[in-house]
């Protein structure tokens with residue numbers, strides 16, 4: 001339960017052990033690389049895993065080569081290098097199917113499903129995850145199956161299958177707790193919360209996502225913390241709890257660019273929504289424009305639920321601000337560098353507290369725009385007067 005301490009001890013042992021065998025050194029490097037990945041120290045993880053991969057190839061240990069390829073795929077996925085991740089995962093699956101163990105191949109197939117989802121192919125991602133879960137269950141690898149069930153629940157939500165999503169999320173969370181797997185427990189809490197948010201059950205969503213934020217900190221993965229924070233922040237905006245949203249999203253922005261770039265566009269979009277609700281739609285337009293450009297640069301398409309919400313929110317606040325001012329600020333945001341974009345978002349969060357924007361910023365009364373819920377394949381705003389689908 002203390003991956004940071006474990007990684008530190010292991011790397012110190014590797015530094016001091018001068019006469020250790022190549023096989024033992026390679027295993028130490030691979031394990032340290034895995035622990036650094038858990039901690040979202042992706043640059044260090046990549047270096048350690050690459051060194052281990054080179055040694056295992058020299059030793060002809062193809063089982064461990066497959067493990068390292070899968071680990072490097074996970075590192076690439078969390079660094080938003082999705083093409084590389086897909087290649088690494090495919091290589092690992094092909095090798096594992098030849099030399100084993102079967103659980104390695106099943107786990108990596110699940111990872112292929114995740115990278116497919118990040119690239120926007122949620123239906124294919126769900127198919128791969130379903131296949132991976134079925135194989136892992138047959139092999140008795142309940143810990144891994146629990147994790148992928150929670151991930152699959154999020155994809156079902158994106159596909160509008162909320163009943164399946166809720167069932168899968170609760171099943172995954174229950175299984176994760178039963179086997180004591182903290183990583184899967186964190187994702188299970190996020191999945192239950194996200195499905196509740198999609199149904200418009202915002203109080204339940206906030207409770208689950210608050211628990212996820214606490215548990216991910218205990219786990220130690222910065223990427224998982226940021227994932228929970230982004231979703232919790234958006235839910236708090238929807239609930240009208242602006243102070244908690246500001247606190248969570250400001251913290252999310254502190255290290256997202258370094259440790260969790262996948263979640264940075266989503267964090268910026270949540271901040272834009274909060275800033276708009278605080279009466280500063282012009283600043284929000286710039287943040288939405290910058291987030292859109294960042295998604296293009298990182299090649300991270302918004303997931304359907306977030307894309308629909310963002311589109312409808314921008315449409316409403318553009319109406320309030322006026323086309324000319326909206327477009328001007330949106331384009332200005334697209335020209336910001338990533339560090340300046342983060343700085344602008346954090347400055348907006350600081351400037352709008354304890355009061356909202358000055359009168360000149362907000363051209364219309366700030367009527368809250370609540371969370372979107374998916375219903376029968378459509379969407380609606382909860383607590384607002386307008387409904388419809390994109």
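Readers should treat all values here as calculations from the given coordinates under stated rules, not as data from a laboratory. Computed from a predicted structure; not experimentally measured. Quick reminder, even Gly has a Cβ in these numbers, built from the backbone with ideal geometry, and neighbours come from all protein chains shown.
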So if the hydrodynamic radius of region 83-135 is defined as the Kirkwood radius over C-alpha pairs, what does Stokes-Einstein give as its diffusion coefficient at 20 °C and 1.002 mPa s, in µm² per second? 200 µm²/s
Taking max minus min of the Cα coordinates of region 1-87 on each principal axis, largest first, gives extents in Å of 38, 31, 19
Potential extension, residue 87-residue 331 segment - 0.36 nm per residue separation minus Cα distance: 84.4 nm
Compactness index (Cα Rg / 2.2 N^0.38 Å), region 126-268: 1.01
Listing 294, 24, 139, 336 from the residue with the fewest other Cβ atoms within 10 Å to the one with the most, what is the order? 24, 139, 336, 294
Cα-based helix-to-principal-axis angle, 222-239 vs the chain, degrees rounded to 10: 20 degrees
Distance in nm between label sites at residue 324 and residue 98, each 7 Å beyond Cα in the beta-carbon direction? 6.6 nm
Note down the relative contact order for region 161-205 as a percent, whole number, built from C-alpha pairs under 8 angstrom at least six residues apart. 37 percent
The exposure ranking of 330, 9, 288, fewest beta-carbon neighbours within 10 Å first, is 9, 330, 288
In units of 2.2 N^0.38 Å, the Cα radius of gyration of region 26-129 is 1.01
Cβ neighbours within 10 Å, averaged per peptide: list 152-164, 267-279 in order, most packed at the top. 267-279, 152-164
Fewest Cβ neighbours within 10 Å first, please rank 19, 251, 203, 292 accordingly. 19, 203, 251, 292
If you average the C-alpha positions of region 1-78 and of region 179-257 separately, how far apart do those two centres end up, in angstrom? 30 Å
How many nm is it between the label spots at residue 247 and residue 17, if each spot is 7 Å from the Cα in line with the beta carbon? 4.4 nm
Mind checking the log10 I(q)/I(0) for the chain at q = 0.15 Å⁻¹? Debye, one equal scatterer per Cα, no solvent, two decimals. -1.33
Kindly identify region 206-319 as rounded, prolate or oblate by the Cα gyration tensor criterion: order the square roots of the eigenvalues as a ≥ b ≥ c, call it rounded if a/c is under 1.5, otherwise compare a/b with b/c, prolate if a/b is larger, else oblate. oblate
Value of relative contact order over the chain, rounded to a whole percent, pairs C-alpha under 8 Å and six or more apart: 11 percent
